[in-house]
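One structure is given below, encoded as structure tokens.
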Amino acid sequence: MEKRELIIIGAGPAGLAAAIYAKRAGMDTLVLEKGRAGGQILTTSRIENYPGLLESTGSGLADAFRAHAEFFKAEFRTAFVHKVEVRGKSKIVIFRDGTELEAGAVIVASGASFRKQGCPGEGKYTGMGVSYCAVCDAAFFEDMDVAVIGGGNTAVEEACYLTGFASRVYLVHRRDQFRADKLVVERALANPRIVPVMDSVLESIEGADMVDKIVVRNVKTDTRSEIPLNGVFIFIGMLPNDGFVNGLLKRVDGGWLATDENLQTSVPGIFAAGDVRSTSLRQVVTAAGDGARAAMSAYAYLHH
Ligand code: NAP
């Protein structure tokens, strides 16, 4: 069976930072990624809080991370991991077609995905007006009205980005205060194209072939209202991308991977880094820091 000292699952900021540190420590390292390297920042319009970079596009920063890992000769392979198993001291990474790879240590850096709202119409109109990526789809809504659902940093920042295309962006949030950082909220509220719709939940997304309206319910007054529009961008938080370790690794905080201070999971030799693990802050800078720590912990595990 093909074997590596270290296999990193996921090539977002955590996995790519882990690859840089692992290669510089001389480890035989393979990075597995199901799509393009970069992770969630590929769908982020603007990044302005990565230290040393006053402003960058998400894809620009992703490409810089990948180029850095390639500079240190990290090996990449496009693959969808189906399962991870432990056999003795070996970690076995299994792909959909049954192929197996053996590793001395594994870093799970597979990130998180956008949570679905689950209301009527969401599935039916996904790709027909419903989107989870403003960078990918904003241009389809030039001079139209759209809604953004959510009140966190992603929702509020992407609402601002959408005003570069849409005429009006309804920002629908279930409470009377946004969760996003104060500066981000101030910038959004100063934008005349953003219309906050507070204390409101999305009840349904409706239309014919494409979306033509949403129904929202005010949770304080229990009144329903229709908003005519063409696009709905849903940004209501994240879920871990880690189905391939179901039943193997301990989870906490509603499903995120539990790690110790060295980022080791409940199984010795398997580490977790970035958004996939239970953590108080999910940022590019914390994911990159996690990657570095996990790589050094994997080195210590394999060499001491
Ligand atoms: P988040 O911070 O967890 O916010 C999720 C938002 O969706 C909250 O406002 C939440 O409402 C709302 N929500 C959750 N479930 C809902 C439901 N079923 N129906 C309606 N609304 C619902 O998620 P995020 O914005 O995706 O951000 C994820 C992480 O990345 C956060 O740690 C965030 O700070 C970070 N991030 C940082 C930046 C930045 O610093 N520039 C940019 C993007 C993301 P409640 O507020 O009522 O709970």
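The values are calculated or read from the model by the stated rules, or taken from the named source; none is laboratory data. Just so we're clear, the structure is a prediction, and the values are computed from it rather than from any experiment. Note: ideal-geometry Cβ built from the backbone for every residue, glycine included; neighbour counts use all protein chains shown. The protein model used for the area step is the full one, side chains on, heavy atoms only, and it has no ligands, DNA or RNA in it. Shrake-Rupley method; radii C 1.70, N 1.55, O 1.52, S 1.80 Å.
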C-alpha center-to-center spacing [the range 260-295, the range 73-144] in angstrom: 18 Å
By the C-alpha gyration tensor axes a ≥ b ≥ c (rounded if a/c is under 1.5, else prolate when a/b exceeds b/c, else oblate), the shape of the range 1-157 is oblate
In whole Hz, with x marking every Gly and Pro, tabulate ³J(HN,Hα) for the range 265-273 from phi via Karplus 6.51 cos²θ - 1.76 cosθ + 1.60, θ = phi - 60°. 7, 5, 10, x, x, 10, 10, 10, 9
What nm distance separates the two modelled labels at Glu186 and Glu206, each placed 7 Å from Cα along Cα→Cβ? 4.0 nm
Expected vector for the range 134-146, Karplus 3J(HN,Hα) from phi with 6.51, -1.76, 1.60 and θ = phi - 60°, integer Hz, x for Gly and Pro, equals 5, 4, 6, 10, 3, 5, 6, 10, 4, 6, 10, 9, 9
Work the Kirkwood hydrodynamic radius out for the range 130-234: mean of 1/r over every pair of different alpha-carbon atoms, inverted, in Å. 13.5 Å
One would report the antiparallel percent of DSSP beta bridges in the chain, rounded to the nearest 5, as 45 percent
Can you work out the Karplus-derived ³J(HN,Hα) for every residue in the range 163-168? Use 6.51 cos²θ - 1.76 cosθ + 1.60 with θ = phi - 60°, whole Hz, and x for glycine or proline. 5, x, 10, 6, 6, 9
If you stretched the chain out fully between Ser266 and Leu302, how much longer would it get, using 0.36 nm times the residue separation minus the C-alpha to C-alpha distance? 11.3 nm
Tell me, in nm to one decimal, what length is gained between Asn218 and Asn49 on full extension, where the rule is 0.36 nm per residue of separation less the Cα-Cα distance? 57.4 nm
Mind listing the long-range amide H neighbours of Phe76? Cut-off is under 5 Å, sequence gap 5 or more, other chains count too, H placed in the peptide plane at 1.01 Å from N. Val31
For the chain, which whole-number percentage of the solvent-accessible area (1.4 Å probe, protein heavy atoms only) is attributable to carbon and sulfur atoms? 51 percent
According to the Cβ-distance criterion of 4.7 Å, cysteines of the chain with no possible disulfide partner are Cys119, Cys160
Which residue fluctuates most in the GNM of the chain (Cα springs below 10 Å): Ile227, Ile107, Ile205? Ile227
Loop sites in the range 143-211: chymotrypsin sites (Phe, Trp or Tyr not before Pro), DSSP, at most 16 other Cβ within 10 Å: none
Can you show me the helix-derived [θ] at 222 nm for the chain, built from DSSP H runs with n ≥ 4 at -39,500 (n - 2.57) apiece and divided by the number of residues, rounded to the nearest 500. -7000 deg cm²/dmol
So between Val195 and Met128, what do we pick up on full extension, going 0.36 nm a residue minus the alpha carbon distance? 21.9 nm
Averaging 1/r across every pair of distinct alpha carbons in the chain and inverting yields a Kirkwood hydrodynamic radius, in angstrom, of 20.4 Å
